[in-house]
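Chemist: Below you will find the structure I want to go over with you.
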Amino acid sequence: MSPTRERRRPSGEDERDRAALARERRGRRSDEERRRTRTSAARPKPSAARPKPGVRNRPNRQVEIRRRWVALLSLLTVIALVYLLFFSSMLGAKDVSVSGSRTVTADQIRAVAAVPVDQPMLRLSTDEIRDRVAAMPGIATVEVSRSWPNTVEITVTERTAIAFFDSGPGGDGVHLVDGGGVVFKTVPSRPAGLPELKLPKVSADDPVTRAVTAVLGVIPEQLLKQVTTATAKTPASVEFTLSSGKIVRWGTAEQTDRKAKVLAALLTQEGKVYDVAAPELPTITS
């Protein structure tokens, strides 16, 4: 007869151990669940509008067509502006305005300027127009500018005669000279009120000519009216003859005011030659 196994009834201590073990397992599961919950909350949730993998986010077809039209119209606008400004006669030169001319007529200046009619304003070379007008004998300075939409403005300053010289028998006449020694005009007769240059050579390239005209350009007007002839052998030895027959040795164009005051005092005394080239040591000789 086989022995009968007797099931051992757990003691009270065993029951307490099992209950403690069960509580510990439940606590571990709760800790793990809390960690998983925190991790899930920290992760960003996928957007509902996020496209599915493999699907491209294409712009709306109408928007794309509108963009292409805007680009095309912009390109056409640029092309039209370039054509209008650089190739069309709509903004071409149609009128030439001249100001500042006195002895040289406006028609003469327009003819020399030779502004191409209807040529687009931006393609006009104002420098070339200026150089052509500046080459005219009676013109001292020239300014050329564009006045939109169709006018070219030319402003000139004419040369002012400060003296003249006579080329003599067999020469080509009487010539006017400006303050820079430039011979710019031929006249039929000796002009009244201007001194005559008595020089071997009269030219803007000649230092002696420039020295004499520089002195005539700075002396007081009241004194200039009395000068009948002016001459010099060197740039520092300018002298002139007054309408009274007295000779003034002026020297250079420096110290003009002081020389004028000294000369005014000397001319009250008798003499033939008045030397103020060194105004601190003036002399009078008879």
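The values are calculated or read from the model by the stated rules, or taken from the named source; none is laboratory data. The structure displayed is predicted, hence computed values, not measured ones. Quick reminder, even Gly has a Cβ in these numbers, built from the backbone with ideal geometry, and neighbours come from all protein chains shown. Ligands, DNA and RNA are excluded from the accessible area calculation, which covers all protein heavy atoms including side chains. Shrake-Rupley method; radii C 1.70, N 1.55, O 1.52, S 1.80 Å.
Chemist: For Arg34, are the conditions met, namely being assigned to a helix (DSSP H, G or I), open to solvent by 90 Å² or more (accessible area, probe 1.4 Å) and either at pLDDT below 60 or touching a Ser or Thr at 6+ places or on another chain (Cβ under 7 Å) (or both)?
Modeler: On the way: assigned to a helix (DSSP H, G or I): yes; open to solvent by 90 Å² or more (accessible area, probe 1.4 Å): yes; either at pLDDT below 60 or touching a Ser or Thr at 6+ places or on another chain (Cβ under 7 Å) (or both): no.
For Arg34, the condition - assigned to a helix (DSSP H, G or I), open to solvent by 90 Å² or more (accessible area, probe 1.4 Å) and either at pLDDT below 60 or touching a Ser or Thr at 6+ places or on another chain (Cβ under 7 Å) (or both) - is not met.
Chemist: Could you list, in sequence order, the residues of the range 103-120 that are small (Gly, Ala, Ser), surrounded by fewer than 17 Cβ atoms within 10 Å (Cβ to Cβ) and within 25 Å of the chain's Cα centre (by Cα)? If you could, list the steps in order and put the result at the bottom.
Modeler: Filtering the range 103-120 for residues small (Gly, Ala, Ser) gives 106, 111, 113-114.
Remaining after also requiring surrounded by fewer than 17 Cβ atoms within 10 Å (Cβ to Cβ): 106, 111, 114.
Correct list: Ala114 only.
Chemist: I'd like to know if the range 59-81 contains one or more residues that are touching a residue at least 12 places away in the same chain (Cβ under 8 Å), in contact with a Lys or Arg (Cβ under 9 Å, 6 or more places away or on another chain) and assigned to a loop (DSSP other than H, G, I, E, B).
Modeler: Of all residues in the range 59-81, those touching a residue at least 12 places away in the same chain (Cβ under 8 Å) come to none.
So far as the range 59-81 goes, no, none of its residues is touching a residue at least 12 places away in the same chain (Cβ under 8 Å), in contact with a Lys or Arg (Cβ under 9 Å, 6 or more places away or on another chain) and assigned to a loop (DSSP other than H, G, I, E, B).
Chemist: While we're on this one: Every residue in the range 124-137 that is closer than 16 Å to Thr155 by Cβ and open to solvent by 30 Å² or more (accessible area, probe 1.4 Å), please.
Modeler: Within the range 124-137, Thr126, Asp127, Arg130, Asp131, Arg132, Ala134 qualify.
Chemist: Follow-up. Closer than 22 Å to Glu196 by Cβ, among the small types (Gly, Ala, Ser), out of contact with any helix residue (DSSP H, G or I) (no Cβ under 8 Å at 6 or more places or on another chain) and open to solvent by 60 Å² or more (accessible area, probe 1.4 Å) - does that describe any residue in the range 227-248? Can you show your working first?
Modeler: Taking the range 227-248 and keeping what is closer than 22 Å to Glu196 by Cβ, we get 227-248.
Then drop every residue that is not among the small types (Gly, Ala, Ser), which leaves 230, 232, 236-237, 243-245.
Restricting the remaining residues to those that are out of contact with any helix residue (DSSP H, G or I) (no Cβ under 8 Å at 6 or more places or on another chain) gives 237, 243-245.
Adding the requirement that they be open to solvent by 60 Å² or more (accessible area, probe 1.4 Å) leaves 243-244.
There is at least one residue in the range 227-248 that is closer than 22 Å to Glu196 by Cβ, among the small types (Gly, Ala, Ser), out of contact with any helix residue (DSSP H, G or I) (no Cβ under 8 Å at 6 or more places or on another chain) and open to solvent by 60 Å² or more (accessible area, probe 1.4 Å).
Chemist: Okay, moving on. Which of the residues spanning the range 199-226 are more than 36 Å from the chain's Cα centre (by Cα) and surrounded by fewer than 18 Cβ atoms within 10 Å (Cβ to Cβ)?
Modeler: Of everything in the range 199-226, those that are more than 36 Å from the chain's Cα centre (by Cα) and surrounded by fewer than 18 Cβ atoms within 10 Å (Cβ to Cβ) turn out to be Pro200, Lys201, Pro220, Glu221, Gln222, Lys225, Gln226.
Listed here are the residues, each with its yes/no results for (1) open to solvent by 30 Å² or more (accessible area, probe 1.4 Å); (2) farther than 30 Å from Asp178 by Cβ; (3) among the small types (Gly, Ala, Ser).
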{"site": "Lys94", "(1), (2), (3)": "yes, yes, no"}
{"site": "Ser97", "(1), (2), (3)": "yes, no, yes"}
{"site": "Ser101", "(1), (2), (3)": "yes, no, yes"}
{"site": "Leu122", "(1), (2), (3)": "yes, yes, no"}
{"site": "Ala140", "(1), (2), (3)": "yes, no, yes"}
{"site": "Arg146", "(1), (2), (3)": "yes, no, no"}
{"site": "Ile154", "(1), (2), (3)": "no, no, no"}
{"site": "Arg159", "(1), (2), (3)": "yes, no, no"}
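Chemist: Find the residue count for the range 254-274, including only residues that are open to solvent by 40 Å² or more (accessible area, probe 1.4 Å) and not basic (Lys, Arg). Break it down into steps so the answer makes sense when it comes.
Modeler: Restricting attention to the range 254-274, the residues satisfying the condition of being open to solvent by 40 Å² or more (accessible area, probe 1.4 Å) are 254-255, 257-258, 261, 264-265, 267-270, 272.
Then drop every residue that is not not basic (Lys, Arg), which leaves 254-255, 257, 264-265, 267-270.
Residues flagged as open to solvent by 40 Å² or more (accessible area, probe 1.4 Å) and not basic (Lys, Arg) within the range 254-274 amount to 9.
Chemist: Restricting to the range 61-85, give me the number of residues that are within 40 Å of the chain's Cα centre (by Cα), open to solvent by less than 90 Å² (accessible area, probe 1.4 Å) and farther than 22 Å from Pro120 by Cα.
Modeler: Counting residues in the range 61-85 that are within 40 Å of the chain's Cα centre (by Cα), open to solvent by less than 90 Å² (accessible area, probe 1.4 Å) and farther than 22 Å from Pro120 by Cα gives 4.
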